[in-house]
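The values are calculated or read from the model by the stated rules, or taken from the named source; none is laboratory data. Keep in mind it's a predicted model, so treat the numbers as computed, not measured. Heads up, the Cβs are rebuilt from the backbone with ideal geometry, glycines too, and the neighbour counts pull from every protein chain shown.
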Amino acid sequence: MEQSTNGTPKNRSNTGLLLLVVLLLISNVVLLWMLMSRGKEVEQTQQQVATLTTQKDDVTAMLESMLNSYDTLKTENDQIKTEMELQKQQIEELLDKVKRGSYDLAKAKKEAATLRDIMKGYIYTIDTLNQRNQLLTAEKLQLTQDLGVEKAQKEALATEKEALQGKVAKGAVLHTTAINAGALFVRSSGKQVDTERASKAEMVKCCFTLGENKVTDSGDKTIYMRVLAPDGKVLPASEGGGRFRFNGVEGEYSAKRDVNYQNQPVDACIFWTGGEALRSGQYIVEIYEAGALVSKSTFNLK
């Protein structure tokens, strides 16, 4: 009995216990490995979820940024406006899919990049058009200013020309270096005699010397004489109805004659032979040529 107790049966019991311990150790090791593997899978899954969330946020931010950019783009081109509205619709549709999580993020990111490139093209096009418009506006403003300057120069030249023409016209007016006027009566012999008596006066004579003038045109000049009686009336021309323009108005003249003027001094006389009785008082004699006063003189009758 003691042999069997201390012999083989006892050794078998120890071996079984050892095997049990070994199995427990192995199972613990396997369980620990499984727990560690599960932890790594959970960590990887969490990392994947975080990556997908980041990608989703990035794509969402990109799409929202594009929408904001489109809202700031301004253009007067109707065709570009229509095209941009269509692009905005595509962006909004893609953004909605991404937010609902019903679209592949990689594909959404690729499409968002394409839409962004298209938007950059619109930005470049609009910027180019705006620069051209600014250039055209500046050119238009410059052209307007140039036209204003040119107009002002033309007006100044016209004023200067008018003033010069006025000076030339004034310079072209004839003048006298000597003038003398008086009344005459005619003797039975036909001789003309000066008189200061109104009762004898039958004619009015005005003699003058036209001075040298290199500005005026040479040739025949029509000289008009106006004789103003003491009562202010003009002695009428012998042919009647004699009228001419002078000093910008129209009035009567008393007599006229043509004088050939060659820009050199020339003597001339004009006679009034109206046949009207003259009264006593002061008479004013005015000489005109081309509507301008050449000279004037006075005489008195008793």
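When restricted to residues that are under 60 Å from the mean Cα position of the chain (by Cα), outside any loop (DSSP other than H, G, I, E, B) and not charged (D, E, K, R), region 269-302 contains 9.
From LYS88, LYS99, grab the single residue that is touching a Phe, Trp or Tyr at 6+ places or on another chain (Cβ under 7 Å) and in the same structural domain as THR60 (by TED's automatic domain parsing). If you could, list the steps in order and put the result at the bottom.
Details: LYS99 fails: touching a Phe, Trp or Tyr at 6+ places or on another chain (Cβ under 7 Å).
LYS88 is the lone residue from the list that is touching a Phe, Trp or Tyr at 6+ places or on another chain (Cβ under 7 Å) and in the same structural domain as THR60 (by TED's automatic domain parsing).
Here THR195 clears all of (1) modelled with pLDDT of 90 or more; (2) within 21 Å of LEU293 (Cβ to Cβ); (3) not small (Gly, Ala, Ser) except the condition numbered (2). Exactly one residue among GLY39, GLY16 is modelled with pLDDT of 65 or more, part of a helix (DSSP H, G or I) and over 30 Å from LEU129 (Cβ atoms), and that residue is GLY16. Here GLU93 qualifies as surrounded by fewer than 14 Cβ atoms within 10 Å (Cβ to Cβ), more than 30 Å from GLN134 (Cβ to Cβ) and at pLDDT 80 or above.
Listed here are the residues, each with its yes/no results for (1) surrounded by 15 or more Cβ atoms within 10 Å (Cβ to Cβ); (2) modelled with pLDDT of 80 or more; (3) not in a helix (DSSP H, G or I).
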| position | (1), (2), (3) |
| --- | --- |
| GLN48 | no, no, no |
| THR82 | no, yes, no |
| ASP117 | no, yes, no |
| ILE126 | yes, yes, no |
| ALA138 | no, yes, no |
| ALA156 | no, no, no |
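Taking residues in region 78-98 that are among the β-branched types (Val, Ile, Thr), and partners anywhere that are at pLDDT 85 or above and not in a helix (DSSP H, G or I), not one pair has Cβ atoms closer than 6 Å while being at least 6 places apart or on different chains.
Among the residues of region 281-297, write down those that are under 15 Å from ALA198 (Cβ atoms) and either among the polar types (S, T, N, Q) or surrounded by fewer than 21 Cβ atoms within 10 Å (Cβ to Cβ) (or both). Steps first, please.
Residues of region 281-297 under 15 Å from ALA198 (Cβ atoms): 281-283.
Selection gives GLY281, GLN282.
The set of residues in region 117-128 that are aliphatic (A, V, I, L, M) and either within 15 Å of THR72 (Cβ to Cβ) or within 21 Å of the chain's Cα centre (by Cα) (or both) comprises MET119, ILE123, ILE126.
Against the numbered list (1) over 18 Å from ALA178 (Cα atoms); (2) under 53 Å from the mean Cα position of the chain (by Cα), ASN263 comes up short only at (1). Residues of region 161-187 that are of a type outside the set (Lys, Arg), modelled with pLDDT of 85 or more and surrounded by fewer than 13 Cβ atoms within 10 Å (Cβ to Cβ): THR177 alone.
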